[in-house]
Amino acid sequence: MRTIFHIDMDSYFATCEQQANPFLRGKPIAVSGHPSRRTVVAAASVEAKRFGVKSAMSIQEAKRLCPNLYFVLGDPEKYVHLTKKIINIFLSYTNLVEVVSIDEAFMDATDIQKRHGGAIKIAKEIKKRLKQEIGDWMQCSIGIAPNKTIAKLCSGLKKPNGLVVITEKEIPFLLKKIELTDLWGIGTKTKQRLALMNIHTTTDLQKTPLSALIKVFGEVGFHLHQMSLGKDDSPVHSYYEEEQEKSMGHQYTLLKDTLSKDYLKHVLFKLSERVGRRLRKARLSGRVINITIRHSDFKTFTRQKVFSFYTNDGYQIYEMALKIFNKLSLKQPVRLIGVSVSQLTKHAQQALPLACSRKQKNILTAMDEVNNRYGEFTIQRAALLATKKLSKDIAGYGLMRKF
């Protein structure tokens, strides 16, 4: 039987800020963009959560629930720096560490637990080392179980600073006590679709024929069925195992809703350059360009176009995205705009004549070297000088694999 850890840093962004600034410790804080601009709560401290403040909540709603809430501007570089140090603690035990996001990871302790005194001792030691090596305000919740699905479920049962161990025999009893949305991947929309099938509990899900679930959910139906039984054979991938990204992109929530195509084009240009930088850093290129538009009423749509060549040049990405954008008819003000590149490959085809391509590659390499050393957009295309600086993206970490 396997021994899988799910380690989840508690209120991570907020705790990082409290660790960095002792004045904030013990106080309700929310990490966000600048509170004078339109933004949402990216993370709430343990103290703020007691008032009902949570991620993705509007600043206005957060203030209403907690009038004494302190707002802290997010600092992505700080969080990534600390995450690297945290991951190194996990790696000191085993290479079988799978990073799920910036604040959580799986660890397979099956083959190393005996020489470290057992799973519980390892978990307690990790908690202790976080305080000693990262900071005394840092804490995590750990779930230990025979598979990833149950381990992740367990890490959320006794937050904050929890430690829950579940054996194979205890899984059926645990599943009877939880809500459907406690299971990994079942959110509000999936819950609603399950309700239409008269599935309201894990017991209902267990009793539903697999064929019925597959008919409605496709391959996801099999995954839902396995989860309801507490089964999950998926491995914990080694931290050093290469995993190619499926897509790369950036989105930006505008400070004010707008119908100005000129302004939206400026934002699209800057986002395209950011995507190009990330692609080159990962040595990837793509040929499918996607743009996302969200209107003021929160209705969102995505359009894409497949091109005949691969690229990681921000300007080429922008030109392709612009072809899609120019065909759009914007009938309502735009709240958010995004661009992404998919169908990625390590081996890019030539997008330009060979001589021109080499010259362009040399220019991009030189720009990247300067920006890597002195910061993003220290050197940039002249056309970008007309664009205003976009505020920091503090919530766009999602599924970050490597730190």
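Observations on the model:
- Number of positions in the stretch 268-296 that are part of a helix (DSSP H, G or I), over 13 Å from I337 (Cβ atoms) and in contact with a His (Cβ under 9 Å, 6 or more places away or on another chain): 1
- Qualifying residue in the stretch 297-307 (condition: more than 27 Å from T258 (Cβ to Cβ), at pLDDT below 85 and not in a helix (DSSP H, G or I)): yes
- Of all the numbered requirements in (1) surrounded by fewer than 20 Cβ atoms within 10 Å (Cβ to Cβ); (2) under 22 Å from I289 (Cα atoms); (3) in contact with a Lys or Arg (Cβ under 9 Å, 6 or more places away or on another chain), E273 misses one, and that requirement is (1).
- Taking each residue of the stretch 184-195 that is within 20 Å of C154 (Cα to Cα) and looking for partners that are surrounded by 15 or more Cβ atoms within 10 Å (Cβ to Cβ) and charged (D, E, K, R) with beta-carbon atoms closer than 6 Å, six or more apart or interchain, yields W184/K152.
The rows are residues; the columns are (1) surrounded by fewer than 20 Cβ atoms within 10 Å (Cβ to Cβ); (2) within 17 Å of the chain's Cα centre (by Cα); (3) within 30 Å of E245 (Cα to Cα).
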{"residue": "N21", "(1), (2), (3)": "yes, no, no"}
{"residue": "K78", "(1), (2), (3)": "yes, yes, yes"}
{"residue": "L91", "(1), (2), (3)": "yes, no, yes"}
{"residue": "T94", "(1), (2), (3)": "no, no, yes"}
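- Among the candidates T181, T190, T167, T202, residue that is farther than 30 Å from Y79 by Cα, in contact with a Ser or Thr (Cβ under 8 Å, 6 or more places away or on another chain) and not acidic (D, E): T202
- Selection of the stretch 328-342 for residues being in contact (Cβ under 8 Å) with a residue 12 or more places away in the chain and either of a type in the set (D, E, K, R) or part of a loop (DSSP other than H, G, I, E, B) (or both) yields L328, L330, Q332, P333, R335.
- Residue list for the stretch 203-259, restricted to those being charged (D, E, K, R) and assigned to a helix (DSSP H, G or I): D204, K207, K215, E219
The values are calculated or read from the model by the stated rules, or taken from the named source; none is laboratory data. Since we're looking at a predicted model, the values are computed, not measured. Positions of Cβ are generated from backbone atoms using ideal geometry, with glycine treated the same way; all protein chains shown enter the neighbour counts.
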